[in-house]
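A.B. asks: Input: one structure, supplied below.
Where a number appears in this text, it was derived from the coordinates with a stated rule and is not lab data. Keep in mind it's a predicted model, so treat the numbers as computed, not measured. Heads up, the Cβs are rebuilt from the backbone with ideal geometry, glycines too, and the neighbour counts pull from every protein chain shown.
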Amino acid sequence: MLGVAFAMAPSGAQQGGGGGNLFLSLLPFILMFVIIWLLLIRPQQKKQKEHQKMLSQLKKGDRVVTNAGIFGTIVGLNDKENTAVIRIAENVKIEILRSSIAGKAQD
């Protein structure tokens, strides 16, 4: 009876193969992360970097549109407070955060 129990026990070579199986089981998750990074995270980072560059290059006289859809012309910039004063109509000026500027308006 003892001989049958030893014959049914797995050999040492069969037990040591777990390392490769762990990598293969994690491979789909790694591939999903890479695909998500390439399709979602990386383009968003590039877009944000371009927007920050555009905000840093703003100057007086630029025609801009805000996130709220207000068109105006920059008449003043305050680097200390990170704000901009835009003229939206004759004798009508508003002060907004630079980050609320969506982009330069097409003339």
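A.B. asks: In what sequence, highest mean first, do 81-87, 34-40 appear when ranked by Cβ atoms within 10 angstrom?
C.D. replies: In decreasing order of mean packing, 81-87, 34-40 become 81-87, 34-40.
A.B. asks: For the range 16-57, take every pair of Cα atoms, bin their distances at 5 Å starting from 0, and report each bin as a whole percent.
C.D. replies: 5, 21, 13, 13, 12, 10, 9, 6, 5, 4, 2, 1, 0
A.B. asks: Using only the alpha-carbon atoms of the range 59-107 as identical scatterers, what base-10 log of I(q)/I(0) does the Debye formula give at q = 0.16, 0.23 Å⁻¹?
C.D. replies: Values, matching the q order: -0.35, -0.75.
A.B. asks: Residues of the range 82-107 with the amide nitrogen closer than 17 Å to a label point 7 Å from the Cα of Lys53, along Cα-to-Cβ, please.
C.D. replies: In the range 82-107, the label zone of Lys53 (backbone N under 17 Å from the point 7 Å along Cα→Cβ) covers 103-104.
A.B. asks: If you don't mind, another one. Give me the net charge for the shell around Ala84: Cβ to Cβ below 15 angstrom, other residues only, Lys and Arg +1, Asp and Glu -1.
C.D. replies: Here the count lands on +4.
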